[in-house]
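Asks: Can you keep this structure in mind? I'll have questions shortly.
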Amino acid sequence: MSMKRILILGAGTAGTMMANHLRHELKNEEAEITIVDERHKHYYQPGYLFLPFDIYKPEEIVKEIEEFIPTGVKLIKCRINKIHTDEQYVMLDNKIRLDYDVLIIATGARIAPEEIPGMQSEEWHKSIFDFYTFEGALSLRNKLREWDGGRLVVHITEMPIKCPVAPLEFAFLADSYFKQKHMRDKVEITYVTPLSGAFTKPKATEALDHLLADKNIHIETDFAIERIDPERKVIVDYGGKEVPYDLLVTVPTNKGDDLIGRSGLGDELNYVPTNKATLQSVAHKNIFVLGDASNIPASKAGSVAHFEAEILTENILRFLKGEELKAEFDGHANCFIETGNGKALLIDFNYTHEPVEGTFPFAGIGPLRLLKESRMNHMGKLAFKWIYWNMLLKGTHIPFVSTNMQEAGKNF
Amino acid sequence: MSQTRMIAGKEIKVNDEGYLTDYNQWDKQVAETLANEARIELTPKHWQVLEWLQEQQRKEVALNIRKVGASGVVDIKEFYSLFPVGPLKTATKIAGIPKPASCI
Ligand SMILES: Cc1cc2nc3c(=O)[nH]c(=O)nc-3n(C[C@H](O)[C@H](O)[C@H](O)COP(=O)(O)OP(=O)(O)OC[C@H]3O[C@@H](n4cnc5c(N)ncnc54)[C@H](O)[C@@H]3O)c2cc1C
């Protein structure tokens, strides 16, 4: 095999995992691997959920990108300007040109508050917050520390979003946060969603709707936001429905990076059309996509990126040898859902199987229970941070957790 | 689960939520009846939207509100005025196509 140039765009969760997997599998003389990111820091995004409630400190969820890039992989820190698929090169903002034989797109998704009139107004990070960015989560923490109560609205703008359960977890954690501060009676919590229930999958929705009611969190469904009136402090939907707030915690529209649009590779939300089983881009054979950047109908989650990385590594090795790709990714996702008061749920699902009750990872044994609140699941969620920094990013296979979803132990 | 119900004098296969499970059984009378049940009177604009939705279904495009807004047929505001309650759910039902699965 002659020396191939593999270029990875984005050194977040997915790109970093690919760099580690590929360097492990390919000798230096077989492939030159380069990874590009505009940032200097790697953020543990699941930590953004805990930062506002003072459960994690900022320094626990930020590390230097370098720490996770293996030796033998070249890291370039610069903004990526455009992908030129016709001539197979990528242009960086500093005018450096990177030619590639194989391109891996892992530029993730970002929030786009500019999509909704009134969102990024004077009140942005004053009474209107996001927690999907480090800055948002941190300024929300400072706000919550001093807030004396009122109407808290937790809101999703439109689907799809990364980690679709995060806003729900936020509402649950808010409930227990205010209880601990002995001010739950001063806070009215409303969960506003464009969906018809708490979640997208029927059985999980049933369990979660129930929890919302238990915790006295009101739910407003089928709400398609048109605009925010920051002066009157109301969110307004296209049908004219209004929900008032004192403190709005919103998840803005999520989109792929503008780079994707500029390069003519994206759909209407800048996600790259991708084969959901092989992870090859639909338009170009030598472009592969994983993580939040693709349009596949799987959850945008770190666990999904982890399962994808294992399959994509094999596929890239096959591609380099001119072999047929394995069409194997099944949409496997595995997510802990914090439910507050030191408990959590666990859901495990894929393209075809919705989350159901059962035991995980050992059928009939557990120790984790699917779709049921438990302390053990909460410990699992907290352990995820350690697993992320120490195993996931380095591409280590997680013991007992298979790449494709297991049907055993689940009550379908 | 599929079951049947009488719509516009014909036995039509529907799912639990009343969406047609066999698009071939759809016709304009079926649409009129379903619209009636949703208290909507179909105008030429409504029909344009329904046709656009059916065309997307044929092209296997996953539907959402944003796509309707970018359709060139209606903007989101108009879409809401045509189908005031849960517009996409209502319009797809009347169009005889499946309820859009919201992404995960
Ligand atoms: C609040 C919150 C909670 C979450 N909780 C969980 C959880 O509990 N479990 C779970 O599994 N997942 C969770 N996730 C989701 C998880 O963090 C993401 O799915 C995962 O990080 C996706 O990895 P990625 O590599 O695709 O994108 P990212 O990790 O976002 O990486 C993309 C990288 O690309 C870079 N980039 C983009 N565009 C450019 C450009 N033009 N030039 C240069 N660099 C660029 C960015 O700087 C970034 O470093 C959560 C996410 C959020 C926001």
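Asks: Would you mind working out the accessible area per residue for the protein assembly as shown, using a 1.4 Å probe, and quoting it in Å²?
Replies: Per residue, the protein assembly as shown has 43 Å² of solvent-accessible surface.
Asks: For a distance above 31 Å, tell me the whole-number percent of Cα pairs in the protein assembly as shown that qualify.
Replies: 49
Asks: With solvent modelled as a 1.4 Å probe, how much accessible area in total do chains A and B shield from it at their shared surface, in Å² to the nearest 100?
Replies: Buried area (both sides, nearest 100 Å²): 1400 Å².
Asks: Next question, about the same structure. Anything losing 20 Å² or more of accessible area from the isolated chain to the full protein assembly: pick those residues out of segment A:276-300, probe 1.4 Å, ligands and DNA/RNA ignored.
Replies: Buried on complex formation: A:Pro297.
Asks: Amide H neighbours of A:Glu188 under 5 Å, at least 5 residues apart or on other chains, H built in the peptide plane: list them.
Replies: A:Gly150, A:Arg151, A:Leu152
Asks: What is the distance in Å between the Cα centres of segment A:298-337 and segment A:220-249?
Replies: 38
Asks: Mind checking segment A:315-412 for trypsin sites (Lys or Arg not before Pro) that DSSP puts in a loop (not H, G, I, E or B) and that have at most 11 other Cβ atoms within 10 Å? Before the final figure, lay out each step's value.
Replies: Working: sites: A:Arg318, A:Lys321, A:Lys326, A:Lys343, A:Arg369, A:Lys372, A:Arg375, A:Lys381, A:Lys385, A:Lys394, A:Lys410; in loops: A:Lys321, A:Lys326, A:Lys372, A:Lys394.
Passing sites in segment A:315-412 are A:Lys321.
Asks: With springs only between Cα atoms under 10 Å apart, run a GNM on chain A and tell me which of A:Met119, A:Met17, A:Met183 wobbles the most.
Replies: Residue with maximal mean-square fluctuation among A:Met119, A:Met17, A:Met183: A:Met183.
Asks: Kirkwood Rh over alpha-carbon pairs of segment B:3-95, then Stokes-Einstein at 25 °C and 0.890 mPa s: what D in µm² s⁻¹, rounded to an integer?
Replies: Working: Rh = 13.5 Å.
Here the translational diffusion coefficient equals 182 µm²/s.
Asks: Right, next: Hey, in the GNM for chain A with a 10 angstrom Cα cutoff, which one of A:Glu242, A:Glu324, A:Glu114 fluctuates hardest?
Replies: The residue that fluctuates most here is A:Glu324.
Asks: Further, regarding this structure: Taking GluC sites (Glu not before Pro) as exposed when DSSP calls them loop (any state but H, G, I, E, B) and at most 11 other Cβ atoms lie within 10 Å, what is the longest stretch of chain B free of them, the sites themselves excluded?
Replies: For GluC sites (Glu not before Pro) (loop position, at most 11 other Cβ atoms within 10 Å), the longest site-free span of chain B is B:61-104.
Asks: Here's another thing I want to ask about it. Between segment A:82-118 and segment B:41-96, how many Å separate their Cα centres?
Replies: Result: 33 Å between the Cα centres.
Asks: For the residue pair B:Glu55 and A:Thr221, what label-to-label distance in nm results when each label sits 7 Å from Cα along the Cα-to-beta-carbon direction?
Replies: It is 3.2 nm.
Asks: Enumerate the amide H contacts of A:Leu265 below 5 Å, restricted to partners 5 or more residues apart or on another chain; note that Pro and chain-start residues carry no placed amide H.
Replies: Under 5 Å from the amide H of A:Leu265: no residue qualifies.
Asks: Give me the percent of accessible area attributable to carbon and sulfur for segment B:3-95, probe 1.4 angstrom.
Replies: Here carbon and sulfur together make up 48 percent of the probe-accessible area.
Asks: Quick check: the angle from helix B:44-58's long axis to the longest principal axis of chain B, C-alpha only, nearest 10 degrees?
Replies: Roughly 80 degrees between the two axes.
Asks: Can you work out the FRET efficiency for the pair A:Arg262 and B:Asp75, with r the C-beta to C-beta distance and R0 = 22 Å, to the nearest 0.05?
Replies: Values: r = 25 Å, r/R0 = 1.15.
That pair, A:Arg262 with B:Asp75, gives E of 0.30.
Asks: Could you sort the residues of segment B:75-103 by number and keep only those whose accessible area is reduced by 20 Å² or more in the all-protein-chain setting relative to the chain alone, 1.4 Å probe?
Replies: B:Ile76, B:Lys77, B:Tyr80, B:Lys89, B:Ser102, B:Cys103
Asks: Can you give me the distance in nm between label points at A:Lys63 and B:Asn36, each placed 7 Å from the Cα along the Cα-to-Cβ direction?
Replies: 6.6
Asks: Hey, another quick one. In segment A:225-254, what residues drop by 40 Å² or more of accessible area when the other protein chains are put back, versus the chain on its own? Use 1.4 Å, and skip ligands and nucleic acids.
Replies: At a threshold of 40 Å² (probe 1.4 Å), the residues of segment A:225-254 that become less exposed are A:Tyr238.
Asks: Ok, one more. Carbon-plus-sulfur fraction of the accessible area of segment A:84-162, 1.4 Å probe, in percent?
Replies: In segment A:84-162, the share of accessible area belonging to carbon and sulfur is 45 percent.
Asks: Say the cut-off is 32 Å between C-alpha atoms; which of A:Lys343/B:Lys59; A:Lys63/A:Lys410; A:Lys82/A:Lys162 go over it?
Replies: As for pairs spanning more than 32 Å Cα to Cα, those are A:Lys343/B:Lys59; A:Lys63/A:Lys410.
Asks: Give the cross-link partners of A:Lys203 among the aspartates and glutamates, using a straight C-alpha distance below 15 Å as the criterion and excluding same-chain residues fewer than 8 apart.
Replies: Filter leaves A:Asp348, A:Glu354, A:Glu357, A:Glu373.
Asks: Which entries of A:Lys276/A:Lys385; A:Lys233/B:Lys93; A:Lys241/A:Lys381 have Cα-Cα distances beyond 32 Å here?
Replies: In this structure, A:Lys233/B:Lys93; A:Lys241/A:Lys381 lie more than 32 Å apart at Cα.
Asks: Sticking with this structure for a sec: Using alpha carbons only, how many degrees (0 to 90, rounded to 10) separate the axis of helix A:375-387 from the longest principal axis of chain A?
Replies: With rounding to tens, the tilt is 40 degrees.
Asks: Please give the residues of segment A:194-227, grouped as numeric ranges, whose backbone N is less than 11 Å from a label point set 7 Å along the Cα-to-Cβ vector of A:Arg151.
Replies: none
Asks: Considering the zone a paramagnetic label at A:Glu407 would reach in this model (a point 7 Å from Cα along the Cα-to-Cβ line), which residues of segment A:339-363 have amide N under 15 Å from it?
Replies: Residues passing the 15 Å test: A:349-356.
Asks: What is the ratio of the Cα radius of gyration of segment A:112-253 to 2.2 N^0.38 Å, where N is its residue count, to two decimals? Mind dumping the intermediate values first?
Replies: Working: Rg = 14.1 Å, N = 142, 2.2 N^0.38 = 14.5 Å.
In units of the globular-protein estimate, segment A:112-253 measures up at 0.97.
Asks: Using a Gaussian network model of chain A with C-alpha springs under 10 Å, which one of A:Glu220, A:Glu67, A:Glu268 is most mobile by mean-square fluctuation?
Replies: A:Glu268
Asks: Which trypsin sites (Lys or Arg not before Pro) in segment A:210-281 sit in a loop by DSSP (not H, G, I, E or B) and have at most 13 other Cβ atoms within 10 Å of their own Cβ?
Replies: Within segment A:210-281, the qualifying trypsin sites (Lys or Arg not before Pro) (loop, at most 13 other Cβ atoms within 10 Å) are A:Arg232.
Asks: May I ask for the angle, rounded to the nearest 10°, between helix A:202-214 and the longest principal axis of chain A, with both axes built from Cα atoms and the value confined to 0 to 90°?
Replies: That works out to roughly 40 degrees.
Asks: While we're here: How much mean residue ellipticity at 222 nm does chain A get from its helices, if each DSSP H run of length 4 or more adds -39500 (n - 2.57) and you divide by all residues, to the nearest 500 deg cm²/dmol?
Replies: Details: 7 runs with 91 residues, N = 412.
-7000 deg cm²/dmol, from helical runs alone.
Asks: Kindly provide the trypsin sites (Lys or Arg not before Pro) of chain B that DSSP labels as loop, not H, G, I, E or B, and whose Cβ sees at most 10 other Cβ atoms within 10 Å.
Replies: For trypsin sites (Lys or Arg not before Pro) across chain B that sit outside H, G, I, E and B with at most 10 neighbouring Cβ atoms in 10 Å, the list reads B:Arg39, B:Lys59.
The values are calculated or read from the model by the stated rules, or taken from the named source; none is laboratory data. Since we're looking at a predicted model, the values are computed, not measured. Positions of Cβ are generated from backbone atoms using ideal geometry, with glycine treated the same way; all protein chains shown enter the neighbour counts. Just so you know, the surface numbers come from the protein's heavy atoms only, side chains and all, with ligands and any DNA or RNA stripped out. Shrake-Rupley method; radii C 1.70, N 1.55, O 1.52, S 1.80 Å.
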